[in-house]
Amino acid sequence: PVSVSDTGRVRSVEDRVQRIRTTHPGYTA
Amino acid sequence: MSEVSGHPAGPVRQIVLQATGFCNIDCRYCYLPDRLTRTVMPLDVVSAAARALASSGMLDDEVEIRWHAGEPLTAPRDFYARAHEILRRTLAGITVPRFSLQTNGLLIDDAWCSFFRREDVRVGVSLDGPAHVHDAYRRTRNDRGTLSRAMRGVERLRAAGLDCDVISVITPVTLLHQEAYLDFMARLRPRSLGLNPEETEGGNSSTLHRSSGFEPRYRAFLRSVAAWSARTGVAVRELERMREHVLSHRLPVRNTQNEPLSIVTVGTDGGVSSFSPELFGWRSPDHGDFVLGDLRDPGFRLDAWRPGFARLADEVAQGRRDCARSCGYFALCGGGAPANKWAEHQAFTGTRTRFCALGVMAVADVVLDELEGARR
């Protein structure tokens, strides 16, 4: 599975997160 | 964090207690077996569970104790009053228990509302939307709809000044009537709204998974929900969690369903399990009943696992590594839920499930797109 963005580009989720953040452990179930 | 059978284990974040497996209704998508058994958890099982947890060294400052798996309000109020007293007394000085339960709402009356307030119980009600959506799946044993009675229960909560969370199972009927569903929830205004796409689990073969084009249709639904949530201010559980993960959590996030003893499930009979709570009650030739031990065994310890459960832990760990290696969404997911892998693939190793696609990947894409849009 890959993530397709805003730009129509395939970007890694980590890259998309990093770009959002540049503008705590997470527990979930 | 402890180590058990070569696996990092705990701390225990959630304890799921099955007060009774009985349910007074017969939802068409339910995954639970034996919903006609009226057994109520004996108080000596509650005591044994409290002692095992207290001596485990695996509890943090707070722990959620959730009555679930069956309709909890079919068990007597007095049972819960005594069980809570046992749990609070045994865990005093070790952790603070936070009690919650998930109910179909039909049996909520003023006496239950007084109990919820006195015991500080966080209440979740299962509601799927207006009658033509809710009643399509949530039926009585006489095949009648249940919404009108569930809403009477919600009205009693509101009259008592109590708020509630709502969980909806999203079916093909929801997707056909999205506007009516969202209008219903806007009027209801729950404290939070959880969305569970109908799953293939236990005896249920998901009608959502069998409907045509369900993935893109579910994604479109989620985008509508995100816009609706922004407009109405009603918090949607999955979107809120994902926003927190994207904006502020250390990655990869951790899925408590594939970390040993992060969730501890206790059945009415004293059997103890972990990982996905749904596993309790299922069986496999290779793992037995997915139970790590029995509280009625005098030598029971939370960190001494039966061979079948140790094998399960090995396979769940391998499945998580498979996800980490091959799935682009692992950072925001933490690895697919074992119950879904087992129900869809009959294996705990391996990766993507249809639940992953709807319950995690689609949510991630909607939130990432939303936050990228906010950057422009």
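The values are calculated or read from the model by the stated rules, or taken from the named source; none is laboratory data. The model shown is predicted, which means the values in this text are computed figures rather than measured ones. Don't worry about glycine lacking a Cβ; one is built from the backbone with ideal geometry, like all the others, and counts go over all protein chains shown. Surface areas here come from the heavy atoms of the whole protein model, side chains and all, with no ligands, DNA or RNA. Shrake-Rupley method; radii C 1.70, N 1.55, O 1.52, S 1.80 Å.
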From B:Pro97, B:Pro11, grab the single residue that is under 30 Å from B:Val169 (Cα atoms), in contact with a strand residue (DSSP E or B) (Cβ under 7 Å, 6 or more places away or on another chain) and within 14 Å of chain A (Cβ to nearest Cβ). B:Pro11
Residue pairs qualifying under the 9 Å Cβ cut-off, at least six apart or on distinct chains, with the first in region B:130-146 being open to solvent by 80 Å² or more (accessible area, probe 1.4 Å) and the second being of a type in the set (Val, Ile, Thr), are B:His132/B:Val173; B:Arg141/B:Ile25
If you take the residues in region B:325-357 that are more than 12 Å from chain A (Cβ to nearest Cβ) and of a type in the set (A, V, I, L, M), which one is surrounded by the most Cβ atoms within 10 Å (Cβ to Cβ)? B:Ala343
Set B:Asp297, B:Asp269, B:Asp303: member being surrounded by 18 or more Cβ atoms within 10 Å (Cβ to Cβ), at pLDDT below 95, more than 15 Å from the chain's Cα centre (by Cα) and more than 19 Å from B:Lys341 (Cβ to Cβ): B:Asp303
Would you check which residues across region B:80-91 are surrounded by fewer than 21 Cβ atoms within 10 Å (Cβ to Cβ) and either over 19 Å from B:Asp303 (Cβ atoms) or under 20 Å from the mean Cα position of the chain (by Cα) (or both) and list them? B:Ala81, B:Arg82, B:His84, B:Glu85, B:Ile86, B:Arg88, B:Arg89
B:Thr232 vs. criteria among the hydroxyl-bearing types (Ser, Thr, Tyr) and away from chain A (no Cβ under 13 Å): yes
Where B:Ser248 falls short, out of the listed (1) within 14 Å of chain A (Cβ to nearest Cβ); (2) out of contact with any His (no Cβ under 8 Å at 6 or more places or on another chain): (2)
Go through (1) open to solvent by 60 Å² or more (accessible area, probe 1.4 Å); (2) part of a loop (DSSP other than H, G, I, E, B); (3) touching a strand residue (DSSP E or B) at 6+ places or on another chain (Cβ under 6 Å) and name the single condition B:Leu36 misses. (3)
Going by the structure shown, is B:Arg28 of a type outside the set (Ser, Thr, Tyr), out of contact with any helix residue (DSSP H, G or I) (no Cβ under 7 Å at 6 or more places or on another chain) and open to solvent by 40 Å² or more (accessible area, probe 1.4 Å)? yes
Here the residues within region B:39-79 that are buried (at least 18 other Cβ atoms within 10 Å of the Cβ) and basic (Lys, Arg) are B:Arg66
Could you grab me the full set of residues in region B:1-19 that are at pLDDT below 95 and assigned to a strand (DSSP E or B)? B:Ser2, B:Glu3, B:Val4, B:His7, B:Pro8, B:Ala9, B:Arg13, B:Gln14
What's the total number of residues in region B:358-376 that are crowded, with 18+ Cβ neighbours inside 10 Å and more than 8 Å from chain A (Cβ to nearest Cβ)? 8
For the structure I just gave you, tell me whether B:Ala111 is under 22 Å from the mean Cα position of the chain (by Cα) and farther than 30 Å from B:Leu176 by Cα. no
Report those helices (runs of 4 or more DSSP H) wholly inside region B:54-154 carrying at least 2 residues which are modelled with pLDDT under 95. B:77-91, B:110-119
Residue that is surrounded by the most Cβ atoms within 10 Å (Cβ to Cβ) [pool: residues in region B:154-171 that are more than 21 Å from the chain's Cα centre (by Cα) and not hydrophobic (A, V, I, L, M, F, W, C)]: B:Arg156
Only one of B:Asp294, B:Asp369 that is among the acidic types (Asp, Glu) and within 25 Å of B:Phe214 (Cα to Cα): B:Asp369
Odd one out for B:Ala180 among (1) under 23 Å from B:Ala220 (Cβ atoms); (2) surrounded by 19 or more Cβ atoms within 10 Å (Cβ to Cβ): (2)
Which of (1) out of contact with any His (no Cβ under 9 Å at 6 or more places or on another chain); (2) within 14 Å of chain A (Cβ to nearest Cβ) is the odd one out, the single condition B:Val16 does not satisfy? (1)
